[in-house]
Amino acid sequence: MGVQGGWPPAMNIVVLVKQVPDTATERKLSSDDKTLDRAASDGVINELDEYAIEEALLLREKHGGEVTVLTMGPDQATDSIRKALSMGADKAVHVNDEALHGSDALQTAYALSRALGRMEFDLVVLGSESTDARTGVVGAALAEYLELPQLTLAGKVDIEGRAIKVQRLTDYGYDVVEAQLPAVVSVVEKINEPRYPSFKLIMQAKKKPVEKLTIADAEIDAAKVGLANATTETVDFAPAPPRAAGTIVKDEGDGGTKVADFLAEKKFV
Amino acid sequence: MAEVLVLVDHVDGEIKKVTTELLTAARRIGEPAAVWVGEGAESGKARLAEFGAEKVYVAPAELNDYVVAPKAELLAKLANDASAAAILVSATPENKEVAGRTAVKLGSGVLTDVVDVDAEIVTEHSVFGGSTITHAKVTAGIPVVAVRPNSVAPEAAQGAAVEEEVSVELSDAAKGAKVTERVVQEKGARPELAEAAIVVSGGRGVGSDDFSVVEGLADALGAAVGASRAAVDSGWYPNQFQVGQTGKTVSPNLYIALGISGAIQHRAGMQTSKNIVAVNKDPEAPIFELADFGVIGDLHKVAPQLTEEIGRRK
Ligand SMILES: Cc1cc2nc3c(=O)[nH]c(=O)nc-3n(C[C@H](O)[C@H](O)[C@H](O)COP(=O)(O)OP(=O)(O)OC[C@H]3O[C@@H](n4cnc5c(N)ncnc54)[C@H](O)[C@@H]3O)c2cc1C
Ligand SMILES: Cc1cc2nc3c(=O)[nH]c(=O)nc-3n(C[C@H](O)[C@H](O)[C@H](O)COP(=O)(O)OP(=O)(O)OC[C@H]3O[C@@H](n4cnc5c(N)ncnc54)[C@H](O)[C@@H]3O)c2cc1C
């Protein structure tokens, strides 16, 4: 794997970006092969990935170096690449191959690990969860494939030389986690406030290099990706049954009492 | 019958409810074998037996010194040694990561945010903000399944809970990310959000960082407190209490939404709650579409009255 060390310690950062259907629109699975119906809704950049991009940009501002966007997805994913570049990333790599269609979470992590294997980086930054599939496993699985330290669910990142320290969010607060670069970091929402692209950056983004890779280019084993080789299978899907209509009352000064009656009926009080 | 490994969630020996749910689900598939990491197995064992654990594997606390990877090495080793039928973990952010790494090691597949699982290990999922129900299965190797807390009703059944110490020789790769400090933030006496049987959440309608109207009701019900993103973004309530797509997913028996409009991203985190109560002054608020019981009114009037009424009826 190409990992860059060296002095001065400029940081080469790869940010993983996923294009997802807009949560504000109706999202569907396709009846053909039970994968995401991309035609049914508008694609947008996964929200948490904007935080990942922002964190990468902040680290670049502090330590120098380059930010490369890496995405795996169909042609439409170029929209998300443009967005990431117009926030300020330097260049992009787009893994796009029909053979990747229908890959599950682990296959996605495998394919991304292969693409990363031919890049030079000190740090991989990604979102902790996507808004469509929401498995939240890609960061951990990627660390497993790359055999790199897993610094996921980070609410704060500090780097000094080759030492990295993050606050990993937990149920009770956070853990302080320390490692040596290179490493994989996933971010949670509280980590920063993503910037809006400036007009100037939007114009510049159009000229930034986007490298296109097929699975052959990235040396991704075709037998390990795609719907036919997936480790999970969607058996069936259906719209959720609508909830039975509830009782809605207007507060006439006794609203709290009425709720208490409902709770008593349901044996909560 | 093949073993079904269940990763135990416990705090210093006290078992979380979700573990009893997982043991119940595991019995549908095979013979539950609990996997305990850290101290306290002696005191926790009885409860595992009560929910049918035939075996309790106990691994040393050092596994917790590094992020996720050691637990994955442990589970993969145990699963291979026992030719386990499946591995069940709770669908918390950390355990989903454990599930992912374990499945990579096993060359199998992982299913997350499962709301039900049957004897054939076909799983049910509630996806796209609760609008779609899917069924899925793992097609390669030993399935690793992450089940949402409060999805399976725990049922007692006596098990032998035979203890077996396990040691794992951690690889260097598993020791890459070291936990050097644990910081506990305002835990308080309230139950944990993801686990709680009752959750009371406040949104923008609360109006300020004075969340006492929400907390008061929560405490009267022994509930956890949640918040909408609008409330969290306004700085009224800490981030770890956010419910929704980018916050926690909860599935309690009762969810009470105070001053929350019911945006799809909020619904994604609470739609599978068994009973939903909403208080909102806007009769058009989408949260009422979900509510089993709703009150159109001012939460600052309705909630305190409800709190008082609960106190009176106790
Ligand atoms: C409704 C639904 C449910 C699914 N459930 C499962 C399941 O239970 N098990 C399973 O194995 N698969 C599942 N899948 C398939 C899964 O969505 C895809 O494999 C997906 O590419 C990766 O999973 P994720 O989005 O959940 O990743 P997450 O782990 O939630 O994403 C974390 C981060 O990984 C990065 N990332 C993820 N995908 C890419 C990408 N293509 N390119 C660049 N960066 C990326 C992003 O930074 C993202 O923020 C499901 C898909 C759908 C639509
Ligand atoms: C990608 C993405 C992810 C997101 N993730 C999440 C998430 O995880 N969780 C989340 O919650 N949101 C999330 N959101 C934001 C979501 O879209 C909504 O903006 C948010 O849920 C609104 O919070 P709210 O209901 O508290 O506020 P509002 O929508 O402003 O609603 C406030 C409600 O309070 C009512 N009200 C006001 N005063 C009173 C009163 N005195 N008494 C009674 N009712 C009153 C109003 O009628 C209104 O219905 C996400 C958005 C995006 C785009």
Exercise for the section: Please report A:234, B:307 as a ranked list, fewest other C-beta atoms within 10 angstrom at the top and most at the bottom. Expected result: A:234, B:307
Exercise for the section: Any chance you could list P(r) for chain B, counting all Cα-Cα pairs in 10 angstrom bins from zero, rounded to whole %? Expected result: 6, 26, 30, 23, 12, 3, 0
Exercise for the section: Summarise the long-distance tail of P(r) for region A:109-175 by giving the % of C-alpha pairs beyond 16 Å. Expected result: 53 percent
Handout entry: Lysine pair number, Cα distance threshold 15 Å (strictly under), region B:3-175, separation 8 or more or different chains
Key = 8
Completion exercise
The value for the protein assembly as shown (convex hull of the alpha-carbon atoms, volume per residue, Å³) is 147 Å³
Practice task
Take every Cα pair under 8 Å in region B:193-313 that's 6+ residues apart, average their separations, divide by the length, and report that relative contact order as a whole percent.
Solution key: 25 percent
Practice task
Compute the label zone of residue A:252 within region B:287-314: residues whose backbone N is under 19 Å from the point 7 Å along Cα-to-Cβ.
Solution key: B:293-299, B:301-303, B:305-306
Problem - Simple spin-label estimate for residue B:189 and residue B:164 in nanometres, 7 Å along Cα-Cβ - result: 4.3 nm
Problem - Sequence of B:182, B:204 once ranked by neighbouring C-beta atoms within 10 Å, starting from the fewest - result: B:182, B:204
Handout entry: For region A:29-112, convex hull of alpha carbons as volume per residue, Å³
Key = 105 Å³
Handout entry: Mean separation of Cα contacts under 8 Å, 6 or more apart, over the residue count of chain A: relative contact order %
Key = 23 percent
Handout entry: chain A, helix-only ellipticity at 222 nm - DSSP H runs n ≥ 4, -39,500 (n - 2.57), divided by all residues, nearest 500
Key = -7500 deg cm²/dmol
Exercise for the section: Mind sorting A:82, B:101 by how few other Cβ atoms lie within 10 Å of their own Cβ, fewest first? Expected result: A:82, B:101
Completion exercise
Here the gain from full extension of residue A:243 to residue A:203, 0.36 nm per residue of separation minus their alpha-carbon distance, amounts to 9.6 nm
Problem - In order through region A:65-80: 3J(HN,Hα) via Karplus (6.51 cos²θ - 1.76 cosθ + 1.60), integer Hz, x for Gly, Pro - result: x, 10, 10, 10, 8, 10, 9, 10, x, x, 3, 4, 5, 4, 4, 5
Handout entry: Taking the convex hull of Cα positions in chain A, its mean projected area over all directions (nm²)
Key = 19.2 nm²
Practice task
Would you mind calculating the relative contact order of chain B from Cα pairs under 8 angstrom and at least 6 residues apart, reporting the percent as a whole number?
Solution key: 15 percent
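Each value in this text was obtained by applying a stated rule to the coordinates, not by laboratory testing. Since the structure is predicted, the reported quantities are computational estimates derived from the model, not experimental observations. Neighbour counts are summed over all protein chains in view; Cβ atoms, including those assigned to glycine, are modelled from backbone coordinates with ideal geometry.
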